C-alpha cells in the first residue's frame, strides 16, 4: 500500500511542487453545479458588476479546492486533512474567453509532529497577485 | 456595530444529507480531478462540505434580517475543521448558526458556522464561512 506522505518524510521547510491550474467560465459553471453555490457573481457579468466587481469571479472555495487538491495529491491517499483554512485576498476575475486564467498553487511544510500533524502553509497566485492568504492545512495519517 | 445576539438562536436543522459516491465524484471532477486519478483516496476532498455549508449561508442570510442574499455577498474567509473525513455513505445532519455580525452602515460581515454530525450524532466537520456584503450596489 502506498503511503506517500511517509515516504516523503516531510520536515519543516519542505516545499510542495508548484501546481498550475487553469480556470475558465466552463469550470465555474461545473463548480457551481457541484458545490450548489449559484451566486450569480460567478456566472453573470451584470451581477458581478452590480456589486462593484469588474466581471465574473471564481468561487473562493474553488481556488481553495484546487490548492488542497495539490496538497492531497502530494500527501497521498492515506493522509487526511483535519483542518484547512484560507482567506480570499483578491477576487479572481475570469474572462469570457476560452483561455481563462492560470493560478499557481504552492505549499510549504511549517511544522511536523509525526504522525498526527503535518502543517502546511498554502498559497495561490494569479500572476504576481496573491489570491489565497492566511491559508494553512493540517494533515494527519489516517488511523486504521 | 458588533453584536453577539445572533449566536443565541441556532437556525433550524436542515434535512439529512446523504453523501453519495457520485456526489463526491462530481465534486472531484469540478476540481479537475477525474475518478481514475483518485487511486486509493476514498475520503471526500477537504472542501467538499461547502456543499452543505452553502445552504447554511443562504439560510443564515435570509434569517439575518439584513435584507441581503447570496447575490449581495462575496466570500472572504473559509475554514473546515474535521473530527474525521467524509465518506460516501455518510448521512450528515447540519446545525447552522450565525456566530458574528459586524455592520458598518449598510456594509455587513457575517460569520456563519455549520456543524455536521453523522448518523450516530458524532461530530464530523465544522465549516466556518465569513461573507461580506459589498456596499457599492447600484454604483456605475
Here the gain from full extension of residue B:20 to residue B:132, 0.36 nm per residue of separation minus their alpha-carbon distance, amounts to 37.2 nm
GNM flexibility winner over chain B from B:92, B:110, B:16 (Cα, springs under 10 Å):
B:16
Based on the Cα atoms of chain B, what semi-axes does the equivalent ellipsoid have, where each is the square root of 5 times one gyration tensor eigenvalue, given in whole Å with the largest first?
30, 18, 11
Take A:136, A:31, B:87, B:82 and order them by how many other Cβ atoms sit within 10 Å, fewest up front.
B:87, A:136, B:82, A:31
Rounded tilt (10° steps) of A:60-75 against the dominant C-alpha axis of chain A
30
Grab the beta carbon distance between residue B:123 and residue A:125, set R0 = 30 Å, and tell me the FRET efficiency rounded to 0.05.
0.30
Neighbouring Cβ atoms within 10 Å as the yardstick, rank A:122, A:64 fewest first.
A:122, A:64
How much mean residue ellipticity at 222 nm does chain B get from its helices, if each DSSP H run of length 4 or more adds -39500 (n - 2.57) and you divide by all residues, to the nearest 500 deg cm²/dmol?
-5500 deg cm²/dmol
Sequence of A:43, A:74 once ranked by neighbouring C-beta atoms within 10 Å, starting from the fewest:
A:43, A:74
Calculate the mean, over all residues of peptide A:46-52, of how many other protein chain Cβ atoms lie within 10 angstrom of the residue's Cβ.
5
Bin by bin, in steps of 5 Å, what percent of the Cα pairs in the stretch B:65-140 do you find, going until the bin that has the longest distance?
3, 14, 22, 19, 13, 11, 9, 5, 3, 1, 0
Is it possible to state the helix-based mean residue ellipticity at 222 nm for chain A, with each DSSP H run of 4+ residues giving -39500 (n - 2.57), the sum divided by total residues, to the nearest 500 deg cm²/dmol? What is it?
-7500 deg cm²/dmol
Roughly what angle does helix A:25-35 make with the longest principal axis of chain A, taking Cα atoms, 0 to 90 degrees, to the nearest 10?
60
Mind giving me the nanometre distance, one decimal, between the label points for residue B:42 and residue B:70, set 7 Å out from Cα along Cα→Cβ?
3.2
For chain A, modelled as a Gaussian network with Cα springs under 10 Å, which listed residue fluctuates most, A:100, A:55, A:127?
A:127
Report, in degrees rounded to the nearest 10, the 0 to 90 angle that the Cα long axis of helix B:50-63 makes with the longest principal axis of chain B.
20
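Since every read-out is calculated from the coordinates, none of them should be taken as a lab result. All values reported here derive from a predicted model rather than from experimental measurement. A quick note on method: Cβ atoms are made from the backbone with ideal geometry, for glycine too, and the neighbour counts reach across all protein chains shown.
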